[in-house]
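Participant: Supplied in structure tokens, the structure appears directly below.
The values are calculated or read from the model by the stated rules, or taken from the named source; none is laboratory data. It should be emphasised that the depicted structure is a prediction, and the values quoted were computed from it without experimental measurement. Positions of Cβ are backbone-derived with ideal geometry, glycine not excepted, and every protein chain shown enters the neighbour counts. When the accessible area is computed, the model is the full protein with side chains, heavy atoms only, and any ligands, DNA or RNA have been set aside. Shrake-Rupley method; radii C 1.70, N 1.55, O 1.52, S 1.80 Å.
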Amino acid sequence: AYLDEAYAKGWPVKVHANGDAAIDQLFAALRPVVTKYGVKPGQTILVHGQFIRPDQVKELKSLGIFPSMFPMHTFYWGDWYEKIVGPEQAARISPMRSILNTGLHATSHTDAPVALPNLMQVAWATVNRTSRSGQVIGPDERVTPYEAMQMITIWGAEQYGEQDSKGSLEPGKLADLVILDRNPLEVEPMAIKDIKVVETIKEGRTIYARP
């Protein structure tokens with residue numbers, strides 16, 4: 001009923017669901033609504049979706065779900081997941097590559113204050129999927145540095161319906177940007193987390209400059 005009302009009134013829906021059973025519940029509630037109103041890409045956002053199954057990944061697009069995932073888990077808790085749920089399921093935590101392979105866009109978030117709101121570390125974790133002990137958790141689910149940048153810029157804007165004014169450097173868009181001390185597309189992938197913000201610009205005005 002909540003989803004039906006939201007779709008009837010054009011309200012965005014953001015659903016936090018971690019386990020695959022919770023994601024099954026979301027899908028079960030959403031299917032009749034999508035049948036009634038049609039697929040509305042991005043109307044529903046799946047937040048976290050840690051243990052989404054491969055069959056559920058394939059259904060995201062048909063339901064119009066825009067996933068916002070949390071691959072920083074691979075760093076912070078990856079070693080524990082290996083023991084708690086086993087290596088096979090741990091390797092599928094936040095399966096970013098599988099999601100992108102469906103043709104969907106996705107975002108990668110920090111869940112601050114659970115993890116520090118450092119977007120370069122978010123990008124680093126999404127690209128490398130390396131745990132605290134240095135183990136790669138799910139190497140097949142890694143993405144490229146460019147894709148990781150899209151997840152925290154243009155696709156983030158798209159998830160909020162703001163891609164016409166934010167998210168990329170184009171004439172007519174807001175001059176919201178950061179200047180970094182190194183190029184995340186050119187450094188060694190393991191060095192992405194060490195990149196520093198030199199300057200932050202909001203609507204063309206500098207609001208932070210690194211000493």
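Participant: Take residue 47 and decide whether it is out of contact with any Asp or Glu (no Cβ under 6 Å at 6 or more places or on another chain), closer than 20 Å to residue 160 by Cβ, among the β-branched types (Val, Ile, Thr) and open to solvent by 10 Å² or more (accessible area, probe 1.4 Å).
Facilitator: Here the answer is yes, as residue 47 does meet what is asked.
Participant: Could you tell me whether region 143-164 includes any residue that is touching a Gly at 6+ places or on another chain (Cβ under 8 Å), among the small types (Gly, Ala, Ser), within 22 Å of residue 207 (Cα to Cα) and open to solvent by less than 30 Å² (accessible area, probe 1.4 Å)?
Facilitator: Yes, region 143-164 contains a residue that is touching a Gly at 6+ places or on another chain (Cβ under 8 Å), among the small types (Gly, Ala, Ser), within 22 Å of residue 207 (Cα to Cα) and open to solvent by less than 30 Å² (accessible area, probe 1.4 Å).
Participant: State yes or no: is residue 62 under 26 Å from residue 6 (Cβ atoms) and at pLDDT 95 or above?
Facilitator: When the stated conditions are applied, residue 62 passes them.
Participant: Kindly indicate which of 93, 99 is assigned to a helix (DSSP H, G or I) and aliphatic (A, V, I, L, M).
Facilitator: 99
Participant: Also, I was wondering about something else. Answer yes if at least one residue in region 113-130 is touching a Gly at 6+ places or on another chain (Cβ under 9 Å), open to solvent by 60 Å² or more (accessible area, probe 1.4 Å) and more than 25 Å from residue 158 (Cβ to Cβ), and no otherwise.
Facilitator: Taking every residue of region 113-130 in turn, none turns out to be touching a Gly at 6+ places or on another chain (Cβ under 9 Å), open to solvent by 60 Å² or more (accessible area, probe 1.4 Å) and more than 25 Å from residue 158 (Cβ to Cβ).
Participant: Sticking with this one: Could you tell me whether any residue of region 62-79 is free of Cβ contacts under 8 Å to residues at least 40 places away in the same chain, crowded, with 18+ Cβ neighbours inside 10 Å, among the β-branched types (Val, Ile, Thr) and not in a helix (DSSP H, G or I)?
Facilitator: The answer is yes, given that some residue of region 62-79 is free of Cβ contacts under 8 Å to residues at least 40 places away in the same chain, crowded, with 18+ Cβ neighbours inside 10 Å, among the β-branched types (Val, Ile, Thr) and not in a helix (DSSP H, G or I).
Participant: In region 144-159, which residues are closer than 11 Å to residue 68 by Cα and not hydrophobic (A, V, I, L, M, F, W, C)?
Facilitator: Restricting attention to region 144-159, the residues satisfying the condition of being closer than 11 Å to residue 68 by Cα are 151-152, 155-156, 159.
If the condition is that a residue be closer than 11 Å to residue 68 by Cα and not hydrophobic (A, V, I, L, M, F, W, C), then 156, 159 are the ones that fit.
Participant: Among the candidates 12, 32, which residue alone is farther than 22 Å from residue 81 by Cβ and surrounded by 13 or more Cβ atoms within 10 Å (Cβ to Cβ)?
Facilitator: 12
Participant: Consider residue 210 carefully, then state whether it is of a type in the set (Lys, Arg) and either in contact (Cβ under 8 Å) with a residue 60 or more places away in the chain or crowded, with 16+ Cβ neighbours inside 10 Å (or both).
Facilitator: So residue 210 fails the test.
Participant: Which residue, of 99, 93, 84, is surrounded by fewer than 18 Cβ atoms within 10 Å (Cβ to Cβ) and either at pLDDT below 95 or in contact with a Leu (Cβ under 9 Å, 6 or more places away or on another chain) (or both)? Give the steps one after another, and end with the answer.
Facilitator: Working: 99 fails: surrounded by fewer than 18 Cβ atoms within 10 Å (Cβ to Cβ); 93 fails: surrounded by fewer than 18 Cβ atoms within 10 Å (Cβ to Cβ).
Going through 99, 93, 84 in turn, just one is surrounded by fewer than 18 Cβ atoms within 10 Å (Cβ to Cβ) and either at pLDDT below 95 or in contact with a Leu (Cβ under 9 Å, 6 or more places away or on another chain) (or both): 84.
Participant: Then there is this: Can you give me the number of residues within region 33-45 that are in contact (Cβ under 8 Å) with a residue 24 or more places away in the chain and either part of a helix (DSSP H, G or I) or under 16 Å from residue 103 (Cβ atoms) (or both)?
Facilitator: Going through region 33-45 one residue at a time, the tally reaches 7.
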